[in-house]
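First comes the structure, then the notes that go with it.
The values are calculated or read from the model by the stated rules, or taken from the named source; none is laboratory data. It should be emphasised that the depicted structure is a prediction, and the values quoted were computed from it without experimental measurement. Neighbour counts run over all protein chains shown; Cβ positions are idealised from the backbone, glycine included. Surface areas here come from the heavy atoms of the whole protein model, side chains and all, with no ligands, DNA or RNA. Shrake-Rupley method; radii C 1.70, N 1.55, O 1.52, S 1.80 Å.
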Amino acid sequence: MTEVVASEALLPARFPRAVLFDLDGTLLDSAPDFVATLNRMRHVRGLPSVPAEVVRPSVSRGSRAMLQAAFPEIDQAEREGWVPEFLSIYQDELGRHSQLFDGVAELLEALEPAGTVWGIVTNKPEYLAQLILPRLGWQGRCAVLLGGDTLPERKPHPMPLRIGCERMGVSVADCVYVGDDERDIIAARQAPMPSIAALWGYRMAEDDPVAWRADRMVEDVHALLTPANWPVAP
């Protein structure tokens, strides 16, 4: 049964041996970069800015979902041709407006001295994800980074999570995956590894995190500073 965790400490425990995180919507509040990207595209086309709240829920769904949110009146086939433009502008905006979610820096600083290795598995193109690491000072801390185009499969397929564990030198059972989208939880369940649904991230109105069947649903990053709030392998 999925457990909902707020910020209350439970019983003493240890952090997991390894953690893999999603990036956008889990570690990084990157929505402002994407909003800036889409508004540059709209302004070039003589359109007014789109409000951040229109774009934010779709961020974890990727470029096509965000383009649909920002340009709902445009035919899907035409929007498909705009993806390269979107990625090019986003590369220019990347890191200019985004910031870590509150509590993420403290969480990583708690995991590392406890001996927990951590990495990132995202569906963002790898070259864009790689650009973020030095801007956050993570290039010597993140043990593995896999993008959506690194391997033949991407989430919700479990392959990236399994390869991430292999490259970190840990078993799948000793790792926990943390993500804010249903695809993250599906990938973890199929890996199989314990999972946490990051409720502080991005969700569409129709999303039902309870139905994802994560091992834990966590509302606040700070809750994960308590080792007992992490799921463990059976």
- prompt: How big is the charge dipole of the chain about its Cα centre, in debye rounded to the nearest 20, if each Lys and Arg gets +1 on its Cβ and each Asp and Glu gets -1 on its Cβ?
  reply: 460 debye
- line: HN-Hα couplings for the stretch 154-171 via Karplus (6.51, -1.76, 1.60; θ = phi - 60°), in whole Hz with x for Gly/Pro, come out as 10, 4, x, 5, x, 3, x, 5, 5, 5, x, 5, 4, 6, 8, x, 10, 7
- request: Would you grab the residues whose amide H sits under 5 Å from the one on Met193? Only those 5+ places off in sequence or on another chain, please, with H modelled 1.01 Å from N.
  value: none
query: What FRET efficiency comes out for the pair Val54/Ala228, r = Cβ-Cβ distance, R0 = 41 Å, nearest 0.05?
result: 0.60
statement: Longest the chain segment clear of trypsin sites (Lys or Arg not before Pro) sitting in DSSP loops (not H, G, I, E or B) with at most 13 other Cβ atoms within 10 Å runs 97-234
statement: Descending accessible area (1.4 Å probe), largest on the left, turns Ser63, Ser171 into Ser171, Ser63
- prompt: With Cβ to Cβ distances under 11 Å as the rule, what net charge do the other residues near Ala69 carry (K, R +1; D, E -1)?
  reply: +3
message: Only four residue types carry charge here, +1 at the Cβ of Lys and Arg and -1 at the Cβ of Asp and Glu. Report the dipole size of the stretch 82-123 about the Cα centre in Debye, rounded to the nearest 20.
response: 100 debye
- request: Give the dimensionless ratio obtained when the Cα radius of gyration of the stretch 1-130 is divided by 2.2 N^0.38 Å.
  value: 1.28
Compactness relative to 2.2 N^0.38 Å, alpha carbon Rg of the chain: 1.00
Cα gyration tensor shape for the stretch 113-220, rounded if a/c is under 1.5, else prolate or oblate: rounded
- prompt: How are the C-alpha pair distances of the stretch 92-142 spread across 5 Å bins, as whole percents from the shortest bin up?
  reply: 4, 15, 27, 29, 16, 7, 1, 0
message: What whole-number volume per residue, in cubic angstrom, does the convex hull of the C-alpha atoms of the stretch 17-74 give?
response: 73 Å³
